[in-house]
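Enquirer: Pasting in a structure now, in structure tokens, and then I'll have a few things to ask.
The values are calculated or read from the model by the stated rules, or taken from the named source; none is laboratory data. From a predicted model like this one, the values you see are computed outputs, not experimental measurements. FYI the Cβ positions are ideal-geometry reconstructions off the backbone, even for glycines, and counts take in every protein chain you see.
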Amino acid sequence: MSTKYWIRQLRSSPQLIDRLRALRHLQECQDQPGVHTALCLTAVDTPQAPLRSALMTVLKDNPRAEAYFLGVARGEGPAHIRKWALLNLSTLGYRRAREVVLKSLEDSDSGVCQAAASHVSLYTDEEARQAFIHYFQTQRAVYLKDVGNRLGRRFARWLQKIRPIRLAPDAGTLDKVRQADG
């Protein structure tokens, strides 16, 4: 089967197994321009975490991938694409992304900011530390709200099983609350 067929499978098949099979065939020829672009583009726009993880394994030693993700992260494209470009840079451990990461801490989209915040830990210099502190001080409420929303969705069933503690009007201790709950 042709390279074009495998690129089409990687980019548009609804089945994860077909996309992973296409990746296996394409990894051997990833230096070809069309293949490299398809791999990088899929890495920033796929909603399938197993596919993204497999792509990161394939792209980890490819310097062209770093350049691609840096270009996307710097761009003005959709926020979810910029966010995944930053997360991919972080996953691959690229340290040359420092400028883009620090700038992304001030992005208008909270998801992009959080992706940059997760990447900034790769840098140990004072400027990066101060940029992260400033981000956290100014965006703490948004950050905690987003984390709470994600945890809430992820653990919604578990949270529903927790019985809230009802306080009796005169209860001042946990024992009195337990007695009131009876």
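Enquirer: For the range 80-105, enumerate the residues that are among the aliphatic types (A, V, I, L, M), in a loop (DSSP other than H, G, I, E, B) and either touching an Asp or Glu at 6+ places or on another chain (Cβ under 8 Å) or closer than 13 Å to Lys60 by Cα (or both).
Expert: Matches in the range 80-105: Ala97 only.
Enquirer: Taking the condition of a type in the set (Phe, Trp, Tyr), part of a helix (DSSP H, G or I) and under 30 Å from Thr138 (Cβ atoms), does Trp6 pass?
Expert: no
Enquirer: Further question: Cβ contacts < 8 Å: first residue surrounded by 15 or more Cβ atoms within 10 Å (Cβ to Cβ), restricted to the range 56-68; second residue of a type in the set (Phe, Trp, Tyr), any location; separation 6+ or different chain. Result?
Expert: From residues that are surrounded by 15 or more Cβ atoms within 10 Å (Cβ to Cβ), the pairs are Glu66/Tyr94.
Enquirer: Yes or no: Thr138 part of a helix (DSSP H, G or I), polar (S, T, N, Q) and either in contact (Cβ under 8 Å) with a residue 12 or more places away in the chain or over 16 Å from Arg52 (Cβ atoms) (or both)?
Expert: yes
Enquirer: Being in a loop (DSSP other than H, G, I, E, B) and closer than 22 Å to Ala117 by Cα is the filter here; which residues of the range 39-79 pass it?
Expert: Thr46, Pro47, Lys60, Gly75, Glu76, Gly77, Pro78
Enquirer: Continuing with the same structure: Residues being surrounded by 17 or more Cβ atoms within 10 Å (Cβ to Cβ) and part of a helix (DSSP H, G or I): count how many of those fall in the range 28-38.
Expert: Adding up the residues that qualify gives 3.
Enquirer: OK, next. Give the range 72-117 a look and list any residue that's among the polar types (S, T, N, Q), modelled with pLDDT under 85 and under 23 Å from Thr37 (Cα atoms), or say none.
Expert: Within the range 72-117, Ser90, Thr91 qualify.
Enquirer: Then there's this: Only residues that are of a type outside the set (A, V, I, L, M, F, W, C) and either in contact with a helix residue (DSSP H, G or I) (Cβ under 9 Å, 6 or more places away or on another chain) or closer than 14 Å to Lys4 by Cα (or both): list them for the range 29-47, please.
Expert: Gln30, Asp31, Gln32, Pro33, Gly34, His36, Thr37, Thr42, Asp45, Thr46
Enquirer: Are there any pairs, at least 6 apart or on different chains, whose C-beta atoms fall under 9 Å, with the first in the range 72-91 and free of Cβ contacts under 8 Å to residues at least 12 places away in the same chain and the second of a type in the set (Lys, Arg) and in a helix (DSSP H, G or I), and if so, which?
Expert: So the pair list comes out as Gly75/Arg82; Glu76/Arg82.
Enquirer: Taking the range 116-135 as the search range and keeping residues that are part of a helix (DSSP H, G or I) and without any contact (Cβ under 8 Å) to a residue 24 or more places away in the chain, which one is nearest to Ala73 (Cα to Cα)?
Expert: Out of the qualifying residues, it is Val120.
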